[in-house]
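The values are calculated or read from the model by the stated rules, or taken from the named source; none is laboratory data. No experiment lies behind these values; they were computed from the predicted model shown. So basically every Cβ, Gly included, is an ideal-geometry build from the backbone, and we count neighbours across all protein chains shown.
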Amino acid sequence: MRLHRLQARQRLPISVDEAWEFFATPRNLPEMTPQSLHFTITSELPERMHVGLALTYTVTPLFNIPVSWMTVITAIEDGASFSDEQRVGPYKMWHHQHLFEAVEGGTEMRDLVHYALPFDPFSRPLHDLVVRRRLQEIFAFRYRILAQRFGTLTPEPVIEPDSALEPAPGAIVFSVV
């Protein structure tokens, strides 16, 4: 299984508390998602996120084909970070860490996403030609929305190129099927 990594950073001229409040409110998720994904939340939304929260939605990530997706909030460190993991959806594996840190003039938000596509190695060309670019577009959209809403200390999105993480030769790889 080829594991991919996407990293993004953005600095906002707001406090960590204000950034946290925005991200910890699940109803704000559609605002940060491109309309082209036809993102529709299908589960009840609480006022605040909490560990164990399962969010279900439909999305059309590729080729206008709707896909059901469920993510679960797996960890929260109030005001500093939270993680979500896909339980059902288009990826074989998806783990997304959201990190918040006070910096001069505001808050640096960092995203670290590890993901794998199903049907590896056959899905590698699809990743290289479509999926990587699509994910970068989604994070660039979120950058623009947050910059419009809060302003920005980062002149453009910092989205680090995908890097494939291959297991070392002889490594034992565990996979959930």
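Below are the figures for this structure:
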| quantity | calculated |
| --- | --- |
| Residue within region 62-70 that is in contact (Cβ under 8 Å) with a residue 60 or more places away in the chain and farther than 28 Å from Thr152 by Cβ present | yes |
| Matching residues, region 98-110, being crowded, with 17+ Cβ neighbours inside 10 Å and on the phi < 0 side of the Ramachandran plot | His98, Phe100, Thr107, Glu108, Met109 |
| Selection status of Ser68, in a helix (DSSP H, G or I), within 30 Å of Pro125 (Cβ to Cβ) and out of contact with any Lys or Arg (no Cβ under 8 Å at 6 or more places or on another chain) | no |
| Evaluation of Glu104 against (1) out of contact with any Asp or Glu (no Cβ under 9 Å at 6 or more places or on another chain); (2) within 30 Å of Phe119 (Cβ to Cβ) (one fails), failing number | (2) |
| Residue in region 45-59 that is buried (at least 16 other Cβ atoms within 10 Å of the Cβ), touching an Asp or Glu at 6+ places or on another chain (Cβ under 9 Å) and in a strand (DSSP E or B) present | yes |
| Matching residues in region 113-148 - criterion: being in contact (Cβ under 8 Å) with a residue 40 or more places away in the chain, over 21 Å from Gln86 (Cβ atoms) and surrounded by fewer than 17 Cβ atoms within 10 Å (Cβ to Cβ) | Ile145 |
| Every pair of residues 6+ apart whose Cβ atoms lie under 7 Å, when the first sits in region 41-58 and is within 10 Å of Pro26 (Cα to Cα) and at pLDDT 95 or above while the second is of a type in the set (D, E, K, R) and part of a strand (DSSP E or B) | none |
